[in-house]
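Values in this text are rule-based calculations from the coordinates and carry no lab data. Everything numeric in this text was worked out from a predicted model, so none of it was measured. Every residue, glycine as well, gets a Cβ built from its backbone with ideal geometry; the counts of neighbours run over all protein chains shown.
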Amino acid sequence: MLNISRQLAKQLRSVFRRALQITVSHADHIVWLQSDATGLRIRAQNHHAIVEFHQPAPAAMTEAVPITMEALAACEGAKSEETITIDRRPDETVVLRWEDRSVPQTFQVDAKKVRVDPPAAFPENWSSNPPQLLNAISDAMKILSPDASRYATNCVQLRPRDGRIAATDSRQLLIQTGFEFPGEGDLLVPRTTVFGCRELDADQPIEVGVAANHCVFRTGPWTIWLPLDKQGRYPRVEDIIPTTSAAQTRVSLAAEDLAFLLDVVPRLPEETEHVGRVTLDCNGSVALLAKGDGVSSVTQVVLRNSRRDGNEVRLNTDRQYLVRAAQLGFRELEIHAAESPLVCRDDRRVYLWAPLLEMPVLTAGTDAVQIASTLKTTTSHRATRHIPPPRRSRPTPERTTRMSHNRIAATLTGSATPTVNGSAQHVAEPNEPADQSTSFATVLCEAEAVKASLRDAHGQVSRLIAALKRHRRQSKLMQSTLASLKQLQTLEV
């Protein structure tokens, strides 16, 4: 008889599903529970991965009990004090018993035809790494392409000789250094999302080893075997990284603008013809330009706390790569030429991606909808507003949701620059002194602009309601006409 908590059952199911890349349709996938003098080991495996959880409490007897993913789903819970009792009967039936809010529950698994999977081999030598390796591999896995043709772009490359992690999908590249991996040859580890599981403790050191045909990662109670791609070839990614000194333009992003960018960019309008396009406009201020379908005006996002050094430039980029650079925490962007990759780097990482060359750049006209980040002030009588750093736990969506520029402006009223008589008002540059004598006039102009916007919105809503009422009347007329036709069909000739 074995005992585990309902909370552990939930954690096991979450990690197993990600590592083994299985869905709810794989309800009959076998999970082995084995107890011996070293403790309780819970293991699941397939051709994608092998995962084992080790609970070091010694057991009174040695036994192996198979259950299924469906059994874990049935008995999982959120509380660690709720216990599941697992018993294997002489007729090869496994019975799970627990209580759900004081109500007894049972689940049975037929183990008569279950095939025993051989245990995985452990590496002889391990390389120890700091906890940062978990996030580093998780970030690298998000870069990979699901498929690969000529090169193994569906794998992360671990290079032992310099402790480097490289990941690319041929459009973007992330290189991270400062780690230790065993052996001499490069290791190609296939794409997986298991390193993003919150069940893996991000504060625990990580050991890496190589056993037979697997690269093995051990952190806390978890051990993960990932198959090595020994036939794939990896491109020489270091050859495409430009030198820092060759940059013609540098964009320094303030911490306040990073948080603002992560909030706004995923909600900017998007075109069907040019999916994902935003124009990075570094002519004067640092701004992003976007445009939606059927909308003549451009939405301009001004990053008022950021600055440009070097040549003026305007180029197109895919918004998801710009968001990913912000999520990775980079504060400086290097632009070498309008047709060259955009580069972000720090002391241990380099992230670069290709611009969109085949699309025309956007320009902000006088009718542009302007949204500006809050200007950071340093005056003694006003406290600086604290903006939290960008969160990295949430994965980057591959594509953004389309949204009209009017909704963007409405949700960011506090940051948007008001328009008066169809033209955008002046946006103060960093370090520009405020004119205290005109503060009342400015507030009055803003109030008038809000009033005009509300009047326009009220008119649009009224027209929309009228159109919906017309559509409802037409629908009722059509229904009555169809009903009359059906009655005519029932009449005898």
For S340, S373, S35, S252, order by how many other beta-carbon atoms lie within 10 Å, fewest first:
S252, S340, S35, S373
Inter-part distance where the stretch 303-345 and the stretch 120-138 are each reduced to a Cα centre, Å:
32
Using amide H atoms built in the peptide plane, which far-off residues or other-chain residues are under 5 Å from L315 H to H?
L280, C282
Taking amide H positions as placed 1.01 Å from N in the peptide plane, with prolines and chain starts having none, which residues 5 or more places from G39, or on another chain, fall under 5 Å of its amide H?
A59
Check cross-link reach from K10 to the aspartates and glutamates: straight Cα distance under 20 Å, and skip same-chain residues fewer than eight apart.
D28, E52, E70, E76, E81, E82, D87, E99, D100, E199, D201
With θ taken as phi - 60° and the coefficients 6.51, -1.76 and 1.60, list the Karplus ³J(HN,Hα) couplings across the stretch 141-148 in order, rounded to whole Hz; mark glycine and proline as x.
5, 6, 7, 5, 8, x, 10, 9
Please list 3J(HN,Hα) in residue order for the stretch 160-168, calculated via the Karplus relation 6.51 cos²θ - 1.76 cosθ + 1.60 where θ = phi - 60°; whole Hz, with x for glycine and proline.
x, 5, 9, x, 9, 10, 10, 8, 8
Starting with the fewest neighbours, write out R161, R314 ranked by other beta-carbon atoms found within 10 Å of each beta-carbon.
R161, R314
At R0 = 25 Å, FRET efficiency that the Cβ-Cβ distance of A57 and Q7 yields, to 0.05:
0.95
Loop only by DSSP, 14 or fewer other Cβ within 10 Å of the Cβ. Give me the trypsin sites (Lys or Arg not before Pro) in the stretch 52-137 that pass, ordered by residue number.
K79, R101, K112, K113, R115
Going Cα to Cα from K230, which lysines come in below 27 Å? Please leave out same-chain ones fewer than 8 positions away.
K142
If we count other beta carbons within 10 Å of each Cβ, what is the order of V210, V95, fewest first?
V95, V210
Inter-site label distance for A64 and E238 at 7 Å from Cα along Cβ, in nm:
4.5
Interchain or long-range residues, amide H under 5 Å from E332's placed H:
L253, R345
Between Q204 and Q108, Cβ-based FRET efficiency (R0 35 Å, step 0.05) works out to 0.45
With θ set to phi - 60° and the Karplus curve 6.51 cos²θ - 1.76 cosθ + 1.60, what are the ³J(HN,Hα) couplings of the stretch 36-43 in order, to the nearest whole Hz, using x for Gly and Pro?
7, 5, 8, x, 9, 10, 10, 9
With r defined as the distance between the Cβ atoms of E180 and L464 and R0 fixed at 60 Å, what FRET efficiency is calculated, to the nearest 0.05?
0.45
